[in-house]
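Trainee: Here it is, the structure in full.
The values are calculated or read from the model by the stated rules, or taken from the named source; none is laboratory data. From a predicted model like this one, the values you see are computed outputs, not experimental measurements. Positions of Cβ are backbone-derived with ideal geometry, glycine not excepted, and every protein chain shown enters the neighbour counts.
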Ligand SMILES: [Zn+2]
């Protein structure tokens with residue numbers, strides 16, 4: 001018995017007209033029959049490109065967390081900070097809820113998202129099914145709005161701009177890696193074709 005699930009229907013985001021979904025070939029896109037808006041598309045080499053970008057993200061994440069973020073020189077004293085230092089400092093000052101939030105959105109969620117993406121995509125590349133891949137992929141999707149590295153970055157910049165007059169600030173490798181990470185995560189998000197991943201997970205061995 002073949003059932004038509006809500007999964008196979010899609011509403012146009014511009015005019016709400018319902019369409020039945022068809023599978024597309026690479027590079028094709030489906031448009032609304034009433035208003036012409038793009039409903040969904042099959043991005044070329046989506047899996048490979050997302051995989052390469054996710055691996056790049058992992059490297060950038062490691063660089064961002066291992067190397068100095070900034071160093072301050074004030075009256076002969078130098079203080080080096082890491083990416084996570086801001087969160088730890090908040091914790092020491094008693095703002096533990098804020099510390100938890102900052103570390104979660106700036107470090108923990110992005111890492112979980114990168115690792116989750118690789119966990120799902122690497123076996124799929126070889127057409128293999130891996131334990132709980134669907135649950136992990138669902139989690140990756142749920143994490144996306146919470147991996148707010150740009151908010152974290154903005155907070156750091158605001159905090160440190162005040163110190164410019166007081167101390168000499170040297171920007172570290174971590175800061176540049178983190179800035180690159182924000183860009184490459186956005187590229188990976190746009191390269192990812194979630195529909196294709198779901199289809200491949202269903203047909204993988
Ligand atoms: Zn439409």
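Trainee: Does the range 105-122 contain at least one residue that is within 16 Å of the ligand (Cβ to nearest atom) and surrounded by 16 or more Cβ atoms within 10 Å (Cβ to Cβ)?
Mentor: Within the range 105-122 (the criterion being within 16 Å of the ligand (Cβ to nearest atom) and surrounded by 16 or more Cβ atoms within 10 Å (Cβ to Cβ)), the answer is no, since none of the residues qualifies.
Table: residues versus (1) touching a strand residue (DSSP E or B) at 6+ places or on another chain (Cβ under 9 Å); (2) surrounded by fewer than 12 Cβ atoms within 10 Å (Cβ to Cβ); (3) not assigned by TED's automatic domain parsing to the domain that holds residue 111.
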residue: 22; (1), (2), (3): yes, yes, yes
residue: 50; (1), (2), (3): no, no, no
residue: 55; (1), (2), (3): no, no, no
residue: 62; (1), (2), (3): no, no, no
residue: 75; (1), (2), (3): no, yes, no
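Trainee: Report yes if some residue within the range 172-189 is in contact (Cβ under 8 Å) with a residue 40 or more places away in the chain, more than 21 Å from residue 59 (Cα to Cα) and part of a loop (DSSP other than H, G, I, E, B); otherwise report no.
Mentor: no
Trainee: What single numbered condition from (1) closer than 17 Å to residue 86 by Cβ; (2) out of contact with any strand residue (DSSP E or B) (no Cβ under 9 Å at 6 or more places or on another chain) fails to hold for residue 163?
Mentor: Of everything listed in (1) closer than 17 Å to residue 86 by Cβ; (2) out of contact with any strand residue (DSSP E or B) (no Cβ under 9 Å at 6 or more places or on another chain), residue 163 misses just condition (2).
Trainee: Every residue in the range 105-158 that is outside any helix (DSSP H, G or I) and either under 16 Å from residue 61 (Cβ atoms) or touching a residue at least 40 places away in the same chain (Cβ under 8 Å) (or both), please.
Mentor: Within the range 105-158, 127, 128, 129, 147, 148 meet the criteria.
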